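Notes follow the structure.
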């Protein structure tokens with residue numbers, strides 16, 4: 001899977017704080033640190049999309065590399081997030097992610113499938 005062009009192929013999982021912080025990680029050491037900080041840990045799959053969609057408006061995704069080093073993958077208030085290669089088209093294992101349009105307080109958020117990619121867009125209205 002790629003997220004806004006960032007290749008998640010080496011990531012072994014991601015952590016979620018339950019609100020808006022999503023951290024990808026590649027090493028057991030990074031996983032251990034995030035676990036110590038009491039983040040919820042998940043294997044690296046399409047579940048990150050579900051967590052992203054259900055996060056508050058301050059949401060972001062970063063790669064945690066350990067020793068306090070972070071790399072931004074999806075910055076806060078990002079208007080367009082593309083989750084590429086979410087599933088293998090040949091295996092017909094597309095996740096049960098719904099397509100929708102949601103309008104609230106001057107903002108319109110849409111989420112839809114485009115091939116094997118899932119796209120989330122947020123616009124002011």
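Taking residue 33 as meeting all but one of (1) over 21 Å from residue 85 (Cα atoms); (2) in contact with a strand residue (DSSP E or B) (Cβ under 6 Å, 6 or more places away or on another chain), write down the number of the exception.
(2)
List the pairs whose first member sits in the range 67-87 and is at positive phi, whose second member is modelled with pLDDT of 95 or more and in a strand (DSSP E or B), and whose Cβ atoms are under 7 Å apart, counting only residues at least 6 apart or on separate chains?
85/2
Just the residues that are within 24 Å of residue 96 (Cβ to Cβ) and either touching a strand residue (DSSP E or B) at 6+ places or on another chain (Cβ under 8 Å) or crowded, with 16+ Cβ neighbours inside 10 Å (or both), please, taken from the range 18-28.
18, 20, 22, 24
Please go through the range 29-55 and give me each residue that is closer than 20 Å to residue 120 by Cβ, modelled with pLDDT of 90 or more and crowded, with 18+ Cβ neighbours inside 10 Å, ordered by number.
48, 49, 51, 52
Are there any strands (runs of 3 or more DSSP E) wholly within the range 56-125 with 3 or more residues that are surrounded by fewer than 14 Cβ atoms within 10 Å (Cβ to Cβ), and if so which?
In the range 56-125, 69-74, 100-104, 107-114 are the strands (runs of 3 or more DSSP E) which contain 3 or more residues that are surrounded by fewer than 14 Cβ atoms within 10 Å (Cβ to Cβ).
The values are calculated or read from the model by the stated rules, or taken from the named source; none is laboratory data. What you are looking at is a predicted structure, and each value in this text was computed from that prediction instead of being measured. Cβ atoms come from the backbone with ideal geometry, glycine included; neighbour counts cover every protein chain shown.
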